[in-house]
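Take a look at the structure below.
The values are calculated or read from the model by the stated rules, or taken from the named source; none is laboratory data. Keep in mind it's a predicted model, so treat the numbers as computed, not measured. A quick note on method: Cβ atoms are made from the backbone with ideal geometry, for glycine too, and the neighbour counts reach across all protein chains shown.
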Amino acid sequence: MAQRQGESVTESEDSASGKHTAAARHENVMNGKKEKSACISDSGEYMIALMWHPGATVPDSVDLAEDEVCSLELPHKTSHLESVGLRKSKRFGNVFGVEMSPDTIAIAMVYFVQGILGLSRLAVSFFLKDELHLDPAETAFLTGISSLPWLIKPLYGFISDGVPLFGYRRRSYLALCGLLGALCWGSLAMFIDSKYGAMAAILLSSLSVAFSDVVVDSMVVEKARGESQGASGSLQSLCWGSAATGGIASAYFSGYLVETYGTRYVFGVTAVMPLITSAVAGLVQEEPLKAPSDDPKVMLSKTAQFISTSKSQLAFLWQTVKEPSIFWPTLFIFLWQATPTSDTAMFFFTTNHLGFGPEFLGRVRLVTAVASLVGVGLYNTYLKDVPLRNIFLWTTLLGTALGLLQLLLVTGANKSLGISDEWFAMGDSLVLTVLGQVSFMPVLVLAARLCPPGVEATLFATLMSISNGGGVTGGVLGAGLTQFLGVTSHNFDNLVILILLCNASSLFPLAFLNLLPSGSELESTVEKADKARRELEITKQD
């Protein structure tokens, strides 16, 4: 709850850049808790998984595709050893302890783009509010709908692994995602002037980020496979650092550019950013697959093989999710995310009633972006070994209590305490963002540690999609509650009631806290998973 509340003073419509991260990630999916942070997008999900499983393997579909590649005749008869030697010869220095090969540069730049796409968040918020004249309920609903691409991330993995595009499984999809994103933002910059057109453009831009996120995550998983924990951690630091750099760089300028040049100008600038993803796709070191045979029998055989493999994977994935040790914690995370939020209503209140402008909100975004990193550091330094139940309990209680402080801003009581609206909003956002990041990190760690061997990447994406689904549910519930209470662009009579109900509902998941494994239960589950993983590695070596 805390992180979603913490972003209420800024723009709540974060669908423009997608998740998490982390963390929001951040992510960066969408508004609130499901976004890992204001500057880190959802692209960090597999990096967290690798932190706990440094020897993680990619899904079976990736393994199958790689086996097929090895059996194909490559152009110019390039041997595997020659290919590896060529890759190792291309180095461009060392960052965070990671050799900057073309592959690594491509990965870092894609994460940077995901972070810097936050440039459009405030522009989207003001565009929907001021130019399309949507009320808070409509804005919240549109935001929720545009988050849908983040709910089916595993599907993109199946497509990328099993359906090569122009002979490539990674390079072509990255290039296509970049072009799609540029087209969407360019359309918003030039001619879209209806809420349905805006919803379609934001939805497709979210799809482009979510798909590219899965593709680059698979590259991270493949690159980290077989590396030491230290090497995997260095790669994660590079990725998080790239996303954070892009996010922090865009945080302040997002408000300044909206204030100075307008929303459509910002959309035009944003349209250039996805083209970086398309450009660096050429750096991806990937052998082209052999062109498919024109023989109908061969094509039919390969299609049948792909369908059969996909069915087997889906069946295995479903059996894994149904395991009590995974199902019940996942249900808790969904419930924890699915509580309604008043973020959109608060955005309208702070801009229409308090008169906060884009430049000030950009400063708030900068503060919350840095605060998110502080939250990550705080968790990693002091709270990693604290039992999950304790973290969820106390962060929820503190988040609810601090969320109620918004009532001081709504009623104007903060001024009687000698605190201006601007300083109160800044401090409230800072504290709640740190708390929200601390409360979300255990979600990522829990999901990563529960993943059994053989399906780490696919299952982790599935768990995070379920988490994002809870966030979308919370956004839709918040929109319905806002509509029911009659809170509009200029009528905030029932905003106090809305804040009270949303904060009270955030306590609801605590009734299901026992669904989370205790410390001993979690360690037992992790030990079993690690043992099975070691056995799987031994089997593969044999």
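Could you please find all residues in segment 217-249 being closer than 22 Å to Trp150 by Cα, at pLDDT 75 or above and touching a Gly at 6+ places or on another chain (Cβ under 8 Å)?
Scanning segment 217-249 gives Ser218, Ser242, Ala243, Ala244, Gly246, Gly247.
Taking interchain pairs and intrachain pairs at least six residues apart, which have beta carbon atoms under 6 angstrom, with the first residue in segment 136-158 and within 9 Å of Ala479 (Cβ to Cβ) and the second modelled with pLDDT under 90 and not in a helix (DSSP H, G or I)?
So the pair list comes out as Thr143/Glu13.
Could you list all residues from segment 342-381 that are β-branched (Val, Ile, Thr), farther than 26 Å from Thr473 by Cβ and either in contact with a Leu (Cβ under 7 Å, 6 or more places away or on another chain) or crowded, with 24+ Cβ neighbours inside 10 Å (or both)?
Answer for segment 342-381, where residues must be β-branched (Val, Ile, Thr), farther than 26 Å from Thr473 by Cβ and either in contact with a Leu (Cβ under 7 Å, 6 or more places away or on another chain) or crowded, with 24+ Cβ neighbours inside 10 Å (or both): Val364, Val367.
Only one of (1) in contact with a Ser or Thr (Cβ under 8 Å, 6 or more places away or on another chain); (2) assigned to a helix (DSSP H, G or I); (3) buried (at least 22 other Cβ atoms within 10 Å of the Cβ) fails for Thr400. Which number is that?
Just one mismatch for Thr400, condition (3).
Between Leu446, Leu408, Leu417, which is over 21 Å from Phe492 (Cα atoms) and surrounded by 16 or more Cβ atoms within 10 Å (Cβ to Cβ)?
Values: Leu408 fails: over 21 Å from Phe492 (Cα atoms); Leu417 fails: surrounded by 16 or more Cβ atoms within 10 Å (Cβ to Cβ).
Every option except Leu446 fails the conditions.
Quickly run through segment 149-163 and pick out the residues that are more than 16 Å from the chain's Cα centre (by Cα) and surrounded by 22 or more Cβ atoms within 10 Å (Cβ to Cβ). I'd like the intermediate steps shown before the answer.
Just the residues of segment 149-163 that are more than 16 Å from the chain's Cα centre (by Cα), to begin with: 158-163.
Within segment 149-163, Ser160, Asp161 qualify.
Evaluate segment 359-377: report whether one residue or more is part of a helix (DSSP H, G or I), β-branched (Val, Ile, Thr) and over 21 Å from the mean Cα position of the chain (by Cα). Before you say what the answer is, go through the steps one by one.
We begin by selecting, within segment 359-377, every residue part of a helix (DSSP H, G or I); these are 359-377.
Among the residues that remain, those that are also β-branched (Val, Ile, Thr) are: 364, 367-368, 370, 374, 376.
From the residues that got through so far, the ones that are over 21 Å from the mean Cα position of the chain (by Cα) too are none.
The answer is no; no qualifying residue exists.
How about segment 112-208: which helices (runs of 4 or more DSSP H) wholly inside it have at least 2 residues that are farther than 30 Å from Thr309 by Cα? Break it down into steps so the answer makes sense when it comes.
Details: elements: 121-126, 136-146, 153-162, 171-190.
Output list reads 121-126, 136-146, 171-190.
Restricting to segment 403-426, and then to whatever is β-branched (Val, Ile, Thr) and assigned to a helix (DSSP H, G or I), can you tell me which residue is nearest to Thr341 (Cα to Cα)?
Of all residues in segment 403-426, those β-branched (Val, Ile, Thr) come to 410-411, 419.
Going one step further and asking which of them are assigned to a helix (DSSP H, G or I), we end up with 410-411.
On the way: Val410: 16, Thr411: 19 Å.
Among those that are β-branched (Val, Ile, Thr) and assigned to a helix (DSSP H, G or I), it is Val410.
Listed here are the residues, each with its yes/no results for (1) β-branched (Val, Ile, Thr); (2) surrounded by fewer than 19 Cβ atoms within 10 Å (Cβ to Cβ).
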position: Ser101; (1), (2): no, yes
position: Thr104; (1), (2): yes, no
position: Met109; (1), (2): no, no
position: Phe112; (1), (2): no, no
position: Leu117; (1), (2): no, no
position: Ser120; (1), (2): no, no
position: Ser125; (1), (2): no, no
position: Lys129; (1), (2): no, no
position: Leu134; (1), (2): no, no
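What pairs can you find where one residue is in segment 346-357 and at positive phi, the other is buried (at least 17 other Cβ atoms within 10 Å of the Cβ) and not hydroxyl-bearing (Ser, Thr, Tyr), and their Cβ atoms are less than 9 Å apart, with a gap of 6+ or different chains?
Listed by first residue and then by second, the contacts come to Gly355/Asp421.
Write out, first by first residue and then by second, each pair whose Cβ atoms fall under 9 Å of each other, whose residues are 6+ apart or on separate chains, and whose first residue, in segment 316-337, is farther than 17 Å from Met464 by Cβ while the second is β-branched (Val, Ile, Thr) and assigned to a helix (DSSP H, G or I).
If the second residue must be β-branched (Val, Ile, Thr) and assigned to a helix (DSSP H, G or I), the pairs left are Ser325/Thr525.
Of all the residues that make up segment 482-497, how many are of a type in the set (Val, Ile, Thr) and out of contact with any Phe, Trp or Tyr (no Cβ under 9 Å at 6 or more places or on another chain)?
The qualifying residues number 3.
Among residues belonging to segment 182-216 that are of a type outside the set (Val, Ile, Thr), closer than 28 Å to Pro164 by Cβ and in contact with a Gly (Cβ under 6 Å, 6 or more places away or on another chain), point out the one that is surrounded by the fewest Cβ atoms within 10 Å (Cβ to Cβ).
Going through the qualifying residues, I end up with Ser208.
Restricting the search to segment 251-281, which residues are buried (at least 24 other Cβ atoms within 10 Å of the Cβ) and in contact with a Lys or Arg (Cβ under 8 Å, 6 or more places away or on another chain)?
Ala251, Ser254, Gly255, Ala281 - these are the residues of segment 251-281 that are buried (at least 24 other Cβ atoms within 10 Å of the Cβ) and in contact with a Lys or Arg (Cβ under 8 Å, 6 or more places away or on another chain).
Look at segment 119-131 and say how many of its residues are in contact with a Leu (Cβ under 9 Å, 6 or more places away or on another chain) and not aromatic (Phe, Trp, Tyr).
Of the residues in segment 119-131, 7 are in contact with a Leu (Cβ under 9 Å, 6 or more places away or on another chain) and not aromatic (Phe, Trp, Tyr).
Within the group Gln541, Gln483, which residue is over 17 Å from Thr396 (Cβ atoms), more than 20 Å from the chain's Cα centre (by Cα), modelled with pLDDT under 65 and of a type outside the set (A, V, I, L, M)?
So the residue among Gln541, Gln483 that is over 17 Å from Thr396 (Cβ atoms), more than 20 Å from the chain's Cα centre (by Cα), modelled with pLDDT under 65 and of a type outside the set (A, V, I, L, M) is Gln541.
For segment 162-174, check the following and say yes or no: at least one residue is modelled with pLDDT under 80, in contact with a Phe, Trp or Tyr (Cβ under 7 Å, 6 or more places away or on another chain) and farther than 23 Å from Gly255 by Cβ.
Yes, the conditions are met somewhere in segment 162-174.
Here are some residues: Gly268, Gly255. Which one is at pLDDT below 90, part of a helix (DSSP H, G or I) and under 20 Å from Ser125 (Cα atoms)? It would help to see each step written out before you state the result.
On the way: Gly268 fails: at pLDDT below 90.
Going through Gly268, Gly255 in turn, the sole match is Gly255.
Give segment 96-109 a look and list any residue that's in contact with a Gly (Cβ under 9 Å, 6 or more places away or on another chain) and either modelled with pLDDT of 85 or more or not aromatic (Phe, Trp, Tyr) (or both), or say none. Even if it seems obvious, please write down each step before you answer.
Within segment 96-109, the subset in contact with a Gly (Cβ under 9 Å, 6 or more places away or on another chain) is 96-97, 99-100, 102, 106, 108.
Of everything in segment 96-109, those that are in contact with a Gly (Cβ under 9 Å, 6 or more places away or on another chain) and either modelled with pLDDT of 85 or more or not aromatic (Phe, Trp, Tyr) (or both) turn out to be Gly97, Glu99, Met100, Pro102, Ala106, Ala108.
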